[in-house]
Amino acid sequence: MSSTPTVRWGILATGGIALTFTKDLLLDPATRGVSSVKHTVVAAASSSSKSRAEAFLKEVAAPSDAKAYGSYEEFAEDPNVDIVYIATPHSHHYQNARLCLEAGKHVLCEKAFTVNAAQARKLAEIAKEKNLFLMEAVWTRYFPLSIYVREQITSGRIGHIARVISDNSMALDPEKSFTDGKHRMVNPDLAGGALLDLGIYALTWVFQTLYHTQPEKTRQPPKLLAFVKPYRGTGNADEHSTMILNFPRSEEEGGDAHAVATTSLRVATSPGASQDTPCVRIQGPKGEIQVFPPSFRPTKTKLILSDGTIEEKDWVYPGPGKGSNWYSGFGDSQHSEGEGRGMFWEADEAAEAILTGRKEAKFENLDESILIMEIMDEVRRQGGLEYPSKIETLDYPVQL
Ligand SMILES: NC(=O)c1ccc[n+]([C@@H]2O[C@H](COP(=O)([O-])OP(=O)(O)OC[C@H]3O[C@@H](n4cnc5c(N)ncnc54)[C@H](OP(=O)(O)O)[C@@H]3O)[C@@H](O)[C@H]2O)c1
């Protein structure tokens, strides 16, 4: 008799996205047509207290024997945990991921992967040495919507891409929303600013369409010109970053391709609450693919070909469905009843990799995560944006 393998997760941190991820993780995979793997949560840790971890496990309806920890160090030693999901602020990812890797755990770490490329390289080196799986949690790459867009490109429907215009911006009214400057969106001590938090998605769309779709052997890193506007409230955090990229390609592949990636926490991709302005436009000689906001979780695509073909698609996020009284619990917007947030697809990918012995994610390997960190390092270098040395360091362990 064959039984479905179950992957045992530990959750490190109990904040906003940890809650949403874990709720998604514990949904029945059959609700999205997955029958090859199941997920369970065996432990959660909070840096503030054990009782916070207990409350978190209760809130996500984890199995009653899941263990709560009031220390990340003790949690990392739990022998029942196969893989750790890390959901602390970016500033802490290097220290936390290294803790878990050193303890022999596979790791799925939230975006932005680390503060800089050197830290990402070091984590990749340790994972390789210890034969562990390591993945940046760029969930968007695993959506059926993203797979569809990449397939339209590789099947040549719009011809060789000439350019990509990609934005991920939100009008967050930072002076009002983050008055004391301590929030992770604007706090330099937490690697705050638009670039690492929101800009990573503008770059994700550029890379997954223009770079990832090229044969691995011939892909080349892009050249970059960047501008950064600091957020006055806290100084060393950006309120906008604008990046122009040139991707070298052979003449047979269409020659060099361009991209513009923009991000802001001052103005929105689409004004007001509307979502009718495309956040991503992928343009080729035979047509264009448009993706509608928000770019991290789009629900609509439009393919427009020069022969007059128009294909519009609405993308549904599966879940237990109406009548289930289940809500994803993401921020203020809980989504419709029974609708998943969509973080389970990246969890399925991580679980599948572990079960098959794969060490890197299939739609973004570690080299690509490191390259994107290098681009963001260069954006900060050109824009003069420096974070405190204690969060840029390769030293370990460092108490932050
Ligand atoms: N994929 C997505 O859609 C998505 C969405 C939002 C955020 N994110 C990413 O997820 C990460 C966390 O974001 P979030 O919105 O969940 O943040 P959050 O609500 O502020 O939660 C962060 C958690 O990290 C822990 N933590 C440890 N040291 C901390 C410190 N010095 N300051 C603040 N928190 C600390 C805390 O949990 P304990 O007290 O339990 O230790 C805290 O609750 C970020 O890297 C962010 O970019 C991803």
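The values are calculated or read from the model by the stated rules, or taken from the named source; none is laboratory data. This one's a predicted model, so the numbers in the text were calculated from it and none came from an experiment. FYI the Cβ positions are ideal-geometry reconstructions off the backbone, even for glycines, and counts take in every protein chain you see. Heads up: the accessible areas ignore ligands, DNA and RNA and are worked out on the full protein's heavy atoms, side chains in. Shrake-Rupley method; radii C 1.70, N 1.55, O 1.52, S 1.80 Å.
Might you check whether a residue that is open to solvent by 10 Å² or more (accessible area, probe 1.4 Å), in the same structural domain as I126 (by TED's automatic domain parsing), more than 21 Å from the chain's Cα centre (by Cα) and within 12 Å of the ligand (Cβ to nearest atom) occurs anywhere in segment 61-69? Step through it out loud before you land on a result.
First, the residues of segment 61-69 that are open to solvent by 10 Å² or more (accessible area, probe 1.4 Å): 61-69.
Subset that is in the same structural domain as I126 (by TED's automatic domain parsing): 61-69.
Pick out the ones that are also more than 21 Å from the chain's Cα centre (by Cα) and you get 61-69.
The next check asks that each one be within 12 Å of the ligand (Cβ to nearest atom); those that pass are 68-69.
There is at least one residue in segment 61-69 that is open to solvent by 10 Å² or more (accessible area, probe 1.4 Å), in the same structural domain as I126 (by TED's automatic domain parsing), more than 21 Å from the chain's Cα centre (by Cα) and within 12 Å of the ligand (Cβ to nearest atom).
Among (1) open to solvent by less than 10 Å² (accessible area, probe 1.4 Å); (2) touching a residue at least 60 places away in the same chain (Cβ under 8 Å), where does V206 come up short?
Here V206 clears every test but (2).
Within the set of pairs 6+ apart or on separate chains, which have a first residue in segment 104-116 that is within 18 Å of E352 (Cβ to Cβ) and in the same structural domain as A76 (by TED's automatic domain parsing), a second that is assigned to a loop (DSSP other than H, G, I, E, B) and away from the ligand (no atom under 14 Å from the Cβ), and C-beta atoms under 8 Å apart?
Filtered contacts from segment 104-116: K105/V81; K105/D82; K105/L132; H106/D82; H106/L132; H106/F133; V107/L132; V107/F133.
Can you say whether E102 is crowded, with 17+ Cβ neighbours inside 10 Å and of a type in the set (D, E), as far as the supplied structure shows?
Values: crowded, with 17+ Cβ neighbours inside 10 Å: no; of a type in the set (D, E): yes.
No, not satisfied.
Here is a check on your reading of the model: is N325 at positive phi and assigned to a loop (DSSP other than H, G, I, E, B)? Walk me through it before giving the result.
Values: at positive phi: yes; assigned to a loop (DSSP other than H, G, I, E, B): yes.
Considered against the rule, which asks whether it is at positive phi and assigned to a loop (DSSP other than H, G, I, E, B), N325 comes out as yes.
Can you tell me which residues in segment 99-129 are under 23 Å from S71 (Cα atoms) and away from the ligand (no atom under 16 Å from the Cβ)?
Answer for segment 99-129, where residues must be under 23 Å from S71 (Cα atoms) and away from the ligand (no atom under 16 Å from the Cβ): L101, E102, A103, G104, K105, H106, I126, A127.
Could you check, for segment 136-143, whether at least one of its residues is within 15 Å of the ligand (Cβ to nearest atom) and over 20 Å from I86 (Cβ atoms)?
In the first step, residues of segment 136-143 are kept if they are within 15 Å of the ligand (Cβ to nearest atom); the result is 136-143.
If we keep only those that are over 20 Å from I86 (Cβ atoms) as well, we get 143.
So far as segment 136-143 goes, yes, one or more of its residues are within 15 Å of the ligand (Cβ to nearest atom) and over 20 Å from I86 (Cβ atoms).
So which residues in segment 71-98 are open to solvent by 10 Å² or more (accessible area, probe 1.4 Å) and either part of a helix (DSSP H, G or I) or near the ligand (Cβ under 9 Å from one of its atoms) (or both), if there are any at all?
Hits for segment 71-98 are Y72, E73, E74, A87, T88, P89, H92, Q95, N96, R98.
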